[in-house]
Amino acid sequence: MPSLRQIRDDTALCLVFFTRLPLPVFDFRDRTLAQAIWAAPLTGLVVAAIAALVFAVATGLGLSANSAAALTLATSMLATGCLHEDGLSDVADGFGGGKSREKKLEIMRDSRIGAYGASALALSILIRWTALSDIASPASMIAALVAAHMASRGLLGAFMHLLPPARSDGLSASAGTVSINTALVGVVIGAASLLLLGAGGAITAAILLAAIVLGLRTFCLRQIGGHTGDTIGALQQLAEIVVLLVASVVLS
C-alpha cells in the first residue's frame, strides 16, 4: 500500500510528464515513470476538471454548444501540450509511410508531419469535437470528460506492460518496465471512471477499450516490434475518442 507521500509524488510525476501545467519542483527520488504510471488516470482527472471549468464558463456566457465544445477541447489540448495528438500523428505517418520497421521508426522520430499524420490529427479533433457538441448538459459534460480522460490514461501502463520497447533508446526504453500490479491499478482506476456513463455505457466502453488495446498491440508488434512513446499517445487518443462517442450516445 503506497503512502500518501508516494501517491502525491507519483501523481505529480505523471502531471509533470503528461501535462504542461505549471507545477512546483518535486524530488521524485529516482522514481521512474513506469513505477508511477498507475497515477496517469489522476492526471486525466485534472485535465478533465480544467476542461469542464472552461465549458461551464463558455456556456455561462451564452456560447453555443459547438463553440463551448471547441473551447473545451482546445483547453484539454493546451493543458497536455498536444502530447498525445503528436503521438497519434507520428504513428499515422510512420505506419502509413514506412516500408520497413527501421523506416517506420525513423519517420516517427521526425518532427515534420505528413499527409497521414495531418489526416489522423484532423479526424481526431473533428470526432472529439462533434462528440462533445452532442453533450449539452453541464453534468453530462463533466461525466464524459472525466470518463474519457481517466479511462484513456488508465490503459497506458497496461499497454507498456504488454509490449516491449521498440527501441533500445528513447522515451519508452528510459521509462522502465511496468509491473503487472502497477498496470492493473491504473486500469482499475480508469475503469472506475466509466461508471459515470451508467452501467450500459460503462460496459460498452470497456469492451471497446479492451478491443483497442489488443488490436493496437497486435498492430504495433507487426509494424515495429513493440511500443514507443508515440504509440502510447496514439492509444490515448483512440481510447478518448471511443469513450467520448459512447458518452455522446448515452449522455445526450
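A short reminder: the numbers here are calculations on the coordinates, not readings from a lab. Treat the numbers as computed from the prediction; the structure is a model and nothing was measured. Note that each Cβ is placed from the backbone with ideal geometry, even for glycine, and that neighbours are counted across all protein chains shown.
Before moving on, here are some points about what is shown:
- Extents of the range 85-125, taken as max minus min of Cα coordinates on every principal axis and listed largest first, are 29, 15, 12 Å.
- Taking packing as the residue-averaged number of other Cβ atoms within 10 angstrom, the listed peptides 81-93, 134-146, 57-69 run from highest to lowest as 81-93, 134-146, 57-69.
- Within the chain, longest stretch clear of exposed trypsin sites (Lys or Arg not before Pro) (DSSP loop, no more than 11 other Cβ within 10 Å): 113-252
- Its residue count N sets the reference 2.2 N^0.38 Å, and the alpha-carbon radius of gyration of the range 121-186 equals 1.50 times that reference.
- Over the C-alpha atoms of the chain, the Rg to Rh ratio, Rh being the Kirkwood estimate, stands at 0.96.
- Considering all C-alpha pairs of the range 50-116, those separated by over 20 Å amount to 47%.
- Annotation for the range 233-252 versus the range 64-107: alpha-carbon center distance of 15 Å.
- Karplus-derived HN-Hα couplings along the range 192-205 (A = 6.51, B = -1.76, C = 1.60, θ = phi - 60°), whole Hz, x at Gly and Pro: 4, 5, 5, 4, 5, 8, x, 4, x, x, 5, 5, 4, 5
- 5 angstrom amide H check on residue 227, placed H, neighbours 5+ away: 166
- Rounded to whole Hz, the Karplus (6.51, -1.76, 1.60) HN-Hα couplings of the range 206-214, x for glycine and proline: 4, 5, 5, 5, 4, 5, 5, 4, 5
- Alpha-carbon radius of gyration plus Dmax, which is the widest Cα pair, for the range 161-218 in Å: 14.1, 42
- Here is the P(r) of the range 129-252: all C-alpha pair distances, binned every 10 Å from 0, give 14, 43, 28, 13, 1 in whole percents.
- With all projection directions averaged, the alpha carbon convex hull of the range 28-76 covers 4.0 nm².
- The ranking of 77, 108 from fewest to most other beta carbons within 10 Å of each one's beta carbon is 77, 108.
- Other residues lying with their Cβ under 9 Å from the Cβ of residue 223 contribute a combined charge of +3, Lys and Arg counting +1, Asp and Glu -1.
- 3J(HN,Hα) couplings calculated from phi for the range 93-109 with the Karplus curve 6.51 cos²θ - 1.76 cosθ + 1.60 (θ = phi - 60°) are, in sequence order, 5, x, 5, x, x, x, 9, 10, 4, 5, 5, 4, 5, 5, 5, 5, 7 Hz; Gly and Pro show x.
- Least to most buried among 37, 207 (fewest other Cβ within 10 Å first): 207, 37
- Summing charges over neighbours of residue 112, with a neighbour being any other residue whose Cβ is under 13 Å away from its Cβ, gives -4 when K and R count +1 and D and E count -1.
- Near residue 75: Cβ cut-off under 15 Å, other residues only, Lys/Arg at +1 and Asp/Glu at -1. The net charge is 0.
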